Amino acid sequence: MLFSKYHIVMFRENQGQCKKFFLRGWLGVILLGMVCVFAAGNVVFWHYYTSYQKLKRDYSVAEKTLEEQNNQILSMANKLKGVQSDLQRVQQFNSKLRVMINLEQDQGDATSSMGGSRPKDFSESYLPIHRQELLARKMHSFLNQLNTEVRMEEVQQQELMQQFRENRELLASTPSIWPSEGFVSSPFGMRRSPFTGRREFHKGIDITNRKGTPIYAPAKGTVSFSGVDGGYGNCVVISHGDGISTRYAHMQRFVVKEGQSVTRGELIGYIGNSGRSTGPHLHYEVRLNGVCVNPMRYILN
C-alpha cells in the first residue's frame, strides 16, 4: 500500500480539460503527517498565546492594584508622620507647662517621646513586594506606640488641668508669651561676641525688628526697675513673683515706671538701639531666683 501509485484527476469547471497527478502512498502518509503536525502546532501555539495574553492582563491588573495599595500605604504613612509630629508638639507644650507651674517632668517624657522601638521614617524604600509585609508590621507597631503615648498624654493633661486649677495666680504671673514681634537673631547660651569675637554666655535671647516696634509684658507683675542700666541701655525689669523676673534691654524708650503694676499684654516700651548694641533689637531675659534661664522654656505662643 505504501508503494502503490494513486492518481488524482482535477477537472476545470465548464471546460473539458483535466489535469492528472499521481502520488505514491508513502509520500501521502508523510504529507498527512505534516498536516497533522502543523495543525497540532497551531493548536498548541494558540493555547499558549491565549494563556500569555490572559497572564499579561492579570499582571497588568495586579500591577495597577499594587500601585494603588502602595499609594495608600504611603498616604497612611504620611498621615501617621503628621500625627507623630502633632503629638511631639503636644508633648513639648506639656513640658513647657510643667516648667511654668513647677511640676516635675514625667520620667517617661525624655525616653518615650516618639522614641523606643518606633520605626524610622516611612519611605518608598519599603515598597517592593517582598518588603510590604515588613512595612505593614512596622506601621502596626507605629500605631500601637502612638496609641500608648496618646493614652499617657491624656493622663498627663488631666494632671496638668488639675494643677492649672490650683495655680491660676502662678500662671497669670508666668511669662508665657513673646514680648515683641520679630525674629530671634541670637539664642540663649554660648555664642561668639559681636564685639570681641570671643565665646561668651548670652543671658537671654535677642529679638530683632524695626526701631519702634512695641514691647509687651509677657505676664502680670510689678515694674522693679525702669531706667538706664549701663550696657543694657534703656531697660525695664518686671518682678512676677515666685522668684521669676524678666528684663528688657536696649529699648528706644519705656512707658512704665518703677512700682507700676502691669498685666499680660500691656505695652511697656519700644524696641531700640540704646546701650551696647549693634542694631535695633530687644534683649529679653528670664531669671529664676536671680539665675538666667532660657526664655524659650516659657514661651507658649
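Selection of first residues in region 182-194 that are of a type in the set (A, V, I, L, M) and of second residues that are surrounded by fewer than 11 Cβ atoms within 10 Å (Cβ to Cβ), restricted to Cβ pairs under 9 Å at least 6 apart or on distinct chains, gives the following pairs, ordered by first then second residue: 190/199; 190/201.
Taking the criterion of being touching a residue at least 60 places away in the same chain (Cβ under 8 Å) and touching an Asp or Glu at 6+ places or on another chain (Cβ under 8 Å), no residue of region 214-236 qualifies. If only residues of region 202-213 that are touching a residue at least 40 places away in the same chain (Cβ under 8 Å) and part of a strand (DSSP E or B) are counted, the one that is farthest from residue 261 (Cα to Cα) is 208.
Quick grid of which residues meet (1) within 30 Å of residue 151 (Cα to Cα); (2) at pLDDT below 75; (3) exposed (fewer than 10 other Cβ atoms within 10 Å of the Cβ); (4) under 60 Å from the mean Cα position of the chain (by Cα):
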| residue | (1), (2), (3), (4) |
| --- | --- |
| 15 | no, yes, yes, no |
| 40 | no, no, no, no |
| 58 | no, no, no, yes |
| 85 | yes, no, no, yes |
| 88 | yes, no, no, yes |
| 91 | yes, yes, no, yes |
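Among the residues here, residue 256 qualifies as modelled with pLDDT of 95 or more, in contact with a Ser or Thr (Cβ under 7 Å, 6 or more places away or on another chain) and of a type in the set (A, V, I, L, M, F, W, C).
Could you grab me the full set of residues in region 243-267 that are loosely packed, with under 13 Cβ neighbours inside 10 Å and either within 41 Å of the chain's Cα centre (by Cα) or of a type outside the set (D, E, K, R) (or both)? Within region 243-267, 243, 259, 261, 263, 265 qualify.
Only one of the listed residues (154, 181) is closer than 25 Å to residue 89 by Cα, out of contact with any Leu (no Cβ under 8 Å at 6 or more places or on another chain), assigned to a loop (DSSP other than H, G, I, E, B) and not aliphatic (A, V, I, L, M). That residue is 181.
Would you check if there is a residue in region 234-247 being at pLDDT 95 or above, small (Gly, Ala, Ser) and under 16 Å from residue 279 (Cβ atoms)? Within region 234-247, none of the residues are at pLDDT 95 or above, small (Gly, Ala, Ser) and under 16 Å from residue 279 (Cβ atoms).
The values are calculated or read from the model by the stated rules, or taken from the named source; none is laboratory data. Since this is a predicted model, take the numbers as computed values, not measurements. Don't worry about glycine lacking a Cβ; one is built from the backbone with ideal geometry, like all the others, and counts go over all protein chains shown.
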